[in-house]
Each structure stands twice: as C-alpha cells, then as structure tokens.
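What follows draws every value from the coordinates through simple rules; no lab data is involved. Predicted, not measured: the structure shown is a model, and the values here were computed from it. We place every Cβ from the backbone using ideal geometry, glycine too, and count neighbours over all the protein chains shown.
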Amino acid sequence: MKIHSLIVAGVAVAALFPTLLVVAMALSSRDAGPVMIAGLVGVMFSAGLSVYIARRVARPLRNFDTAAMSIARGKFGVQVEVAGDTELADLAKTFNYMSAQIEAYDHETQRLYEDIEAGYLETMVALANSIDSKDSYTRGHSQRVAEMAVEIGRELKLTERELKQLRYGGILHDIGKIGIVEAILLKKSSLTDEEMQVMRQHPSIGDGIIQPVSFLKEIRAAVRCHHEWWNGTGYPDGLKGEKIPFIARVVSVADTWDACTTTRPYSRALPEAQALEVMQKLRGTHLDPGILDAFLKVIEKKSQSGAESVKLAV
Ligand SMILES: [Fe+2]
C-alpha cells in the first residue's frame, strides 16, 4: 500500500471514533439535526485533513524517490528540497550531503582514471616517437596520421569517444615497427622479399605490444589491421571490405595520404593534386570508398578555408 493511502486510511480510522460518538448522540437526542450537521462537518473536516497530511508527507517522499533514481542512473549530486524543520527536512539534508559526496568521489575517480590513461598514452606516444625519430623521413608521421584520422572521423560525425580512439589508433598504428630491426626499418634501398616479409610483421607485433593494456583494447584493430586492403589482398589477415574494422579503414586512408605527401627515401612528396589522383586510384582496391569520400571532403574544406593541407616531413 502506498504511504499516501496509508495516511488517509489512518486519519480516517482516527476520525471514525468521534464520528460514531456524534452519530450515537444524534440518535439519542430529540433534536438530531444540529448534531448530525456537526457530525457531517466533522467527517468532512477529518477527510480534508487526512488528504492534506498525506500530501504533505508523500510529496517529499516522491522527491526522495526521484532523486535516488537519478543517482542510480549516474546523475550524481542531485539535491532534494524539503522546507521546514521536520524529520523529513533533516533527512533531506543528510541525503543531499550523501549525494554531494558521491559526486565528489565520482569526480575524483574520473580524474584518477584520466591521469592513468594520460600516463599510458604518454608512454605509448614516447614509443611511437622513438620509431618516428629513428627515420627523418617519417618524423611526425604518427601524429599527422592521428590528426587526419580525427578530421575524417569528424566528417563522418563520429562521437567524441570514437574520435579519441581514432587519435590513439593513429598515434600508435606503427608501434610494431619498434620490433623491426633497424637494418630493415632504415634501409635506404628497396627491401628484398624476405625483408618485406619481416617488415609486414609490424602490425601483428604492434597488436601484441598493446594487447596487455586494457584501455587500448578498442584500438588494437587500428594497429593490427591498418594494412588490410578493401579488396582483401592486404596483410596480416587478408580481411576484406567491412570485415576490416572501421577504425583501421580510417587510419589506413590517413596513413596512405601521409605516405603520398611526405618525402621518402625513394619517392618525393607528391603535390596535392597528384596525391589526390593516387588516392582516387586506390578507391575500392586499397581504400574504403565511403571513408575516402569523407577524406576528400576534409581536403576540400581545407582548401576552401586556405588551410595548409599537406605537411611535408623534414
Ligand atoms: Fe604501418
């Protein structure tokens, strides 16, 4: 039974005894009229009083219920207002204090989590930079890939959380190169087939490096699959089309663009128009056509705004 009904019933029962007394007096009296009227007024008064008291008590209880449900749903810090100097007002003060404390603990936990995440990321960025810094041709590559991947993600209207994953995926996509011997990684001439086989291990090596880091589990796909091709002829797993994780397809477009627009040992940076032609030729073979379209819109917007869209490695 709801407390509202309980109070109404309680006050009604309490009013029953004097009412019955009035009725009994009326029946024993010669002139029952005034007594009956007095009894009727008494009944109406007690009914009104019971409803008033029930509302006074039930309304703050409903506020408590709503506030408790908000906290249960993660909206910490919600407060209830109970006027007066009653026990319910005291309870509201305790409730509000508890809610504020939970909110403070939540903020602290969130801050600690972000600190831990930032610490992990800084370590990973340092590792990625150590790869980039070995080779002057690829210096800044990871950061540029991350920035372009995020811009493509924005064009695709991804959530902030997904953009964050793209940033991490871009920064770390080549982390596995740390496990490739420098004789191959920094070789100034073409790689032999055997050397190419070794070089092609970097996505799976990178996947193995970040695998123990739980908060990076959603970007493992960017590391492992950024050399998978849309037509299924990429590596290491030969995934095809939408079987290639989405994050890897975005990083792949950003990675390819950076490769086209930076000078490498055997290829000079292409002018933007020529690099765009190369990207178009890779549509549907290497690159996801839908993501390529989003990338082209990013480039178009950059050229319209006059922003520098090509940053050459030095
Ligand atoms: Fe790579």
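I need the phi-derived Karplus couplings for segment 231-242: 6.51 cos²θ - 1.76 cosθ + 1.60, θ = phi - 60°, integer Hz, Gly and Pro marked x.
In residue order, the calculated couplings are 8, x, 9, x, 9, x, 10, x, 5, 10, x, 6 Hz.
Cα axis of helix 160-172 to longest principal axis of the chain: angle in degrees, 0 to 90, nearest 10?
Approximately 30 degrees, to the nearest ten.
Note the full-extension length gain between residue 31 and residue 55 as 0.36 nm times their separation in residues minus their Cα-Cα distance, in nm to one decimal.
Stretched fully, the residue 31-residue 55 segment lengthens by 4.9 nm.
Kirkwood Rh and Cα-based Rg: tell me the resulting Rg over Rh for segment 3-75, rounded to two decimals.
1.32
Taking loop as defined by DSSP and a crowding limit of 12 other beta carbons within 10 Å, which chymotrypsin sites (Phe, Trp or Tyr not before Pro) in segment 160-267 fit?
For chymotrypsin sites (Phe, Trp or Tyr not before Pro) across segment 160-267 that sit outside H, G, I, E and B with at most 12 neighbouring Cβ atoms in 10 Å, the list reads 266.
So what J values fall out for segment 283-288 if you push phi through Karplus, 6.51 cos²θ - 1.76 cosθ + 1.60 with θ = phi - 60°, rounded to Hz, Gly and Pro as x?
4, x, 9, 8, 10, 5
In nm, give the distance between the simple-model label positions of residue 273 and residue 91, each being 7 Å from the Cα along the Cα-to-Cβ direction.
Label at residue 273, label at residue 91, 7.7 nm between them.
Could you list which residues have their amide H under 5 Å from that of residue 264, counting only those 5 or more apart in sequence or on another chain, with H placed in the peptide plane?
Sorted by chain and number, the residues that satisfy this are 269.
Once the mean 1/r over all distinct Cα pairs of the chain is inverted, what Kirkwood radius in angstroms do you read off?
25.3
Would you work out the relative contact order for the chain, in percent, from Cα pairs under 8 angstrom that are 6 or more residues apart?
13
What do you get for the angle between helix 246-260 and the principal long axis of the chain? Use alpha-carbon atoms, 0 to 90 degrees, nearest ten.
30
What are the semi-axes of the equivalent ellipsoid of segment 181-240, taken as the square roots of 5 times the eigenvalues of the Cα gyration tensor, listed largest first and rounded to whole Å?
Its equivalent ellipsoid spans semi-axes of 23, 16, 7 Å.
When Lys and Arg each count +1 and Asp and Glu each count -1, what net charge do the other residues less than 14 Å away from residue 251, Cβ to Cβ, add up to?
Neighbourhood net charge equals -4.
Aspartates and glutamates within cross-link reach of residue 240: Cα-Cα under 15 Å, excluding same-chain residues under 8 positions apart?
Partners within reach: 228, 288.
How large is ³J(HN,Hα) for each residue in segment 271-278, as worked out from phi by the Karplus curve 6.51 cos²θ - 1.76 cosθ + 1.60 (θ = phi - 60°), to whole Hz, x for Gly and Pro?
Couplings: x, 4, 4, 5, 5, 5, 5, 4 Hz.
So which aspartates and glutamates pass the test for residue 217, namely a Cα distance under 14 Å, with those fewer than 8 places away in the same chain ruled out?
Of all the aspartates and glutamates, those that pass the test against residue 217 - Cα under 14 Å, at least 8 places apart if same chain - are 117, 162, 207.
Within segment 1-71, which trypsin sites (Lys or Arg not before Pro) sit in a loop by DSSP and count at most 11 neighbouring Cβ atoms inside 10 Å?
2, 30
Could you identify which residue out of 27, 186, 158 has the top mean-square fluctuation in a GNM of the chain using Cα springs shorter than 10 Å?
27
Give me the angle, in degrees from 0 to 90, between the Cα long axis of helix 3-28 and the longest principal axis of the Cα atoms of the chain, rounded to the nearest 10.
Result, in degrees: 10.
What number do you get for segment 247-301 when its Cα radius of gyration is normalised by 2.2 N^0.38 Å, N = residues? Display every interim value, and only then the final one.
Details: Rg = 10.8 Å, N = 55, 2.2 N^0.38 = 10.1 Å.
Relative to the rule-of-thumb radius for its length, segment 247-301 sits at 1.07.
Under 8 Å for C-alpha pairs, at least 6 residues apart: give me the relative contact order for segment 186-314, rounded to a whole percent. Kindly include the intermediate steps, with their values, before the conclusion.
Values: 139 pairs, mean separation 25.2, N = 129.
RCO, segment 186-314: 20 percent.
Would you work out the relative contact order for segment 1-109, in percent, from Cα pairs under 8 angstrom that are 6 or more residues apart?
Value for segment 1-109: 22 percent.
How large is the translational diffusion coefficient of segment 181-314 in µm² per second when you combine the Kirkwood radius over alpha carbon pairs with Stokes-Einstein at 37 °C and 0.692 mPa s?
The Stokes-Einstein estimate is 203 µm²/s.
May I ask you to list the trypsin sites (Lys or Arg not before Pro) in segment 71-168 that are in a DSSP loop and have at most 13 other Cβ atoms within 10 Å of their Cβ?
Loop-located and lightly packed - 73, 75, 157.
Straight distance only, please: which aspartates and glutamates reach the Cα of residue 93 with their own Cα at less than 18 Å, same-chain residues fewer than 8 apart left out?
In chain and number order, the partners are 65, 81, 85, 103.
Measuring from label point to label point, each 7 Å out along Cα→Cβ, what is the residue 235 to residue 113 span in nm?
Inter-label distance under the simple model: 3.9 nm.
Just want the answer: with Cβ charges of +1 for Lys and Arg and -1 for Asp and Glu, which residue in 67, 8, 19 is farthest toward the dipole's positive end in segment 3-75?
It is 67, whose Cα lies furthest towards the positive end.
Could you tell me the calculated FRET efficiency between residue 105 and residue 62, based on Cβ-Cβ distance and R0 = 25 angstrom, to the nearest 0.05?
Approximately 0.40, to the nearest 0.05.
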